[in-house]
There are 2 protein chains.
Amino acid sequence: MKKTPVPTMRRLPHYLHFLNRQNENGVKRISSTIIANELSLDPTQVRKDLEYTGVKGKPKTGFQVEELIAAIRKFLEWDSPRESVLVGVGNLGRAMLGYERFKNYGLNFIAAFDTDPTKVDSEIYGIKIYGINQIPQLVKEMKIKIGVLTVPANSAQEVVNLLIEGGITAIWNFAPTSVRVPEGVVVENAQFTESLASLSRKLIEANYIIDKK
Amino acid sequence: MKKTPVPTMRRLPHYLHFLNRQNENGVKRISSTIIANELSLDPTQVRKDLEYTGVKGKPKTGFQVEELIAAIRKFLEWDSPRESVLVGVGNLGRAMLGYERFKNYGLNFIAAFDTDPTKVDSEIYGIKIYGINQIPQLVKEMKIKIGVLTVPANSAQEVVNLLIEGGITAIWNFAPTSVRVPEGVVVENAQFTESLASLSRKLIEANYIIDKK
């Protein structure tokens, strides 16, 4: 298996969103040039990215939209959501547990954990909340591989250690800090601040251009 | 003013997080090589990125940590948070309004909007919630430039139109859809799915490697 470059991984959902919209509008076939124009990418880049999914466009008619959607979803294994747990049922954790669409993006939450005794043993969106001391045992029993971390920065590492003790191999980290994991465990930091930095700077540079006019 | 490349914009918060941790640990000076190693980047790339902020490292001793932190924050204007509004006080909206740290990242929420009459006129974290029909007038009166969108996909465009009518020039879009804006308005899509795609695929490729061993 050829290793997928991270920028390609991150562009795949953009292709998917665009193709889904085209599909809803009844579009059957689409060229890499149109996809590239719509997403401000280079057509060669688009073709290279999509080749990872195993689908090749045809010279004149391009890609078959439904086939390409299915290929991207299969490539990301979003066609069969994985059982996952979430730790930290604050506002963000609650938002994530309630976001039904995650099932389309490969995540199926089956348990949540929190330290707050008033939350433990209650349910939210049909998902049971357990105490964090139960993480290692329950994660092991349920054979969960993905953990979503929506805890404050100061408890992130402690929770990560518990998840790893339970056998978690992929962590989606929303805590505003980096965490250490042993080799073989995958961490993806979902930093709000990346896109916020981009927004801040674009706003400054756009205003600068307007001021100069 | 030289236009900042988007990848540079997106890396700046990573430098900032790392430098803040170093500063907390009492580190006074740091080299681009150490920064590069820690963040898995090329040292030349690090120097190029940081040059945009106007700070240059010295050949042997590198960067002065506190000075560099201040320069990045100033470059992003995160040293003086902008008054902002949020539309859509669901779970995600609530999480964002309650996230005190946004003040360190340039956002100061001063009003929120929702369609739900049971929420309108109430307050959350000291922030008043108004009806969405009040967006154009209030945004104009308060001279707000940044709007954060945490509404469902099907009402996103309608809300964006109201924000633009009020004079908003930057939109941070958390709705799971793209939105159309007139020229001169900046949109940053904060897609969860980018990092989720990356996590999904890394997990698949890591397992594949383990299976083959």
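The values are calculated or read from the model by the stated rules, or taken from the named source; none is laboratory data. Everything numeric here is computed off the predicted structure, so don't read it as measured data. Counting neighbours? That spans all protein chains shown, and the Cβs are built from the backbone with ideal geometry, glycine included. Ligands, DNA and RNA are stripped out before the accessible areas are found, and what is left, the full protein with its side chains, is counted by its heavy atoms. Shrake-Rupley method; radii C 1.70, N 1.55, O 1.52, S 1.80 Å.
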Inset, instruction - Would you please name the residue that is farthest from A:Gln191 (Cα to Cα), looking only at residues in the range B:168-194 that are facing chain A (nearest Cβ under 9 Å) and aliphatic (A, V, I, L, M)? - result: B:Val185
Inset, instruction - Could you tell me which numbered condition A:Lys119 fails, if it satisfies all but one of (1) on the phi > 0 side of the Ramachandran plot; (2) out of contact with any Ser or Thr (no Cβ under 9 Å at 6 or more places or on another chain)? - result: (1)
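Go through the range B:52-79 and count every residue that is modelled with pLDDT of 90 or more and open to solvent by 40 Å² or more (accessible area, probe 1.4 Å).
So the answer is 10.
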Legend entry - Selection status of B:Tyr105, open to solvent by 10 Å² or more (accessible area, probe 1.4 Å), of a type outside the set (A, V, I, L, M, F, W, C) and farther than 22 Å from B:Ala190 by Cα: no
Inset, instruction - Could you please find all residues in the range A:27-42 being β-branched (Val, Ile, Thr), open to solvent by less than 50 Å² (accessible area, probe 1.4 Å) and part of a helix (DSSP H, G or I)? - result: A:Ile35
Legend entry - A:Ala197 vs. criteria touching a Pro at 6+ places or on another chain (Cβ under 7 Å), among the hydrophobic types (A, V, I, L, M, F, W, C) and facing chain B (nearest Cβ under 8 Å): yes
Legend entry - Given (1) buried (at least 16 other Cβ atoms within 10 Å of the Cβ); (2) at the interface with chain A (Cβ under 10 Å from one of its Cβ atoms); (3) under 21 Å from the mean Cα position of the chain (by Cα), number of the condition B:Ala153 does not satisfy: (1)
Legend entry - Members of the range B:80-96 that are open to solvent by 10 Å² or more (accessible area, probe 1.4 Å), at the interface with chain A (Cβ under 9 Å from one of its Cβ atoms) and either touching a strand residue (DSSP E or B) at 6+ places or on another chain (Cβ under 9 Å) or without any contact (Cβ under 8 Å) to a residue 60 or more places away in the chain (or both): B:Arg82, B:Gly90, B:Asn91, B:Arg94, B:Ala95
Inset, instruction - Identify the single condition in (1) touching a helix residue (DSSP H, G or I) at 6+ places or on another chain (Cβ under 7 Å); (2) under 24 Å from A:Ala95 (Cβ atoms) that B:Asn154 does not satisfy, given that it satisfies every other one. - result: (1)
Legend entry - Residue check, A:Tyr125 in contact with a helix residue (DSSP H, G or I) (Cβ under 7 Å, 6 or more places away or on another chain), open to solvent by 40 Å² or more (accessible area, probe 1.4 Å), over 24 Å from B:Asn207 (Cβ atoms) and away from every other protein chain (no Cβ under 14 Å): no
Inset, instruction - Take the residues in the range A:108-119 that are open to solvent by less than 20 Å² (accessible area, probe 1.4 Å) and among the aliphatic types (A, V, I, L, M), then tell me which one is farthest from A:Asn91 (Cα to Cα). - result: A:Ala111
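The rows are residues; the columns are (1) over 23 Å from B:Ser80 (Cβ atoms); (2) within 22 Å of the chain's Cα centre (by Cα).
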site	(1), (2)
B:Pro136	yes, no
B:Val139	no, yes
B:Ile146	no, yes
B:Thr169	no, yes
B:Val179	yes, yes
Inset, instruction - Restrict the check to the range A:169-177 and report whether at least one residue is of a type in the set (Phe, Trp, Tyr), free of Cβ contacts under 8 Å to residues at least 24 places away in the same chain and within 16 Å of A:Gly93 (Cβ to Cβ). - result: no
